[in-house]
Amino acid sequence: ELAIRRIETIAIASYDGQHPGTPRLLKTYEGSGDGCLVVDDIVDTGKTAEIVRTLLPEACFVTLYAKPDGMVFIDHCAAKLPQNVWVAFPWERPATPATG
């Protein structure tokens with residue numbers, strides 16, 4: 001639909017379950033970010049968003065959910081949340097065994 005022919009990823013690990021830790025850059029992308037769209041599920045404290053913004057200063061950064069501490073690093077979000085709200089995404093929950 002968007003005629004995108006190339007998709008890249010940046011990988012940053014910052015949580016161990018529900019416990020925040022020091023962000024670790026696992027995979028990066030070369031370039032200024034010009035013409036790039038960065039999509040994240042949530043911007044919480046802003047620590048990982050700051051790393052991405054530093055790596056790709058010219059990218060457009062969007063997220064589903066944004067909390068006040070991370071808002072300065074993003075361009076757009078679908079919803080704003082209070083800082084103290086925890087979001088449990090489906091991919092973070094344990095798999096449910098099939099019944100049959």
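Considered as a group, the residues in the stretch 13-28 that are hydrophobic (A, V, I, L, M, F, W, C) and modelled with pLDDT of 90 or more include one that is nearest to PHE61 (Cα to Cα), and that residue is LEU25. The condition of being outside any loop (DSSP other than H, G, I, E, B) and either aliphatic (A, V, I, L, M) or open to solvent by less than 100 Å² (accessible area, probe 1.4 Å) (or both) holds for only one of GLY21, GLY35, that being GLY21.
Is there a residue being of a type in the set (Lys, Arg) and in contact with a Leu (Cβ under 9 Å, 6 or more places away or on another chain) anywhere in the stretch 53-61? For the stretch 53-61, residues of a type in the set (Lys, Arg) and in contact with a Leu (Cβ under 9 Å, 6 or more places away or on another chain): absent. Restricting to the stretch 43-55, give me the number of residues that are in contact with a Gly (Cβ under 8 Å, 6 or more places away or on another chain) and either farther than 17 Å from ILE12 by Cα or touching a residue at least 40 places away in the same chain (Cβ under 8 Å) (or both). Looking only at that region, the number is 1. Within the stretch 58-100, being open to solvent by 80 Å² or more (accessible area, probe 1.4 Å), assigned to a loop (DSSP other than H, G, I, E, B) and under 25 Å from GLU30 (Cβ atoms) holds for one residue alone: GLU58.
Rundown of residues vs (1) modelled with pLDDT under 95; (2) within 11 Å of the chain's Cα centre (by Cα), yes/no style:
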| residue | (1), (2) |
| --- | --- |
| CYS36 | yes, no |
| ASP44 | yes, yes |
| LEU55 | yes, no |
| VAL62 | no, yes |
| TYR65 | no, yes |
| MET71 | no, no |
| ASP75 | no, no |
| ALA78 | no, no |
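The values are calculated or read from the model by the stated rules, or taken from the named source; none is laboratory data. Here the structure is a predicted model, which is why all the values come from computation and not from measurement. Cβ coordinates were reconstructed from backbone atoms using ideal geometry, including for glycine residues, and neighbour counts include every protein chain displayed. To get the accessible areas, we keep the full protein, side chains included, count just its heavy atoms, and leave off ligands, DNA and RNA. Shrake-Rupley method; radii C 1.70, N 1.55, O 1.52, S 1.80 Å.
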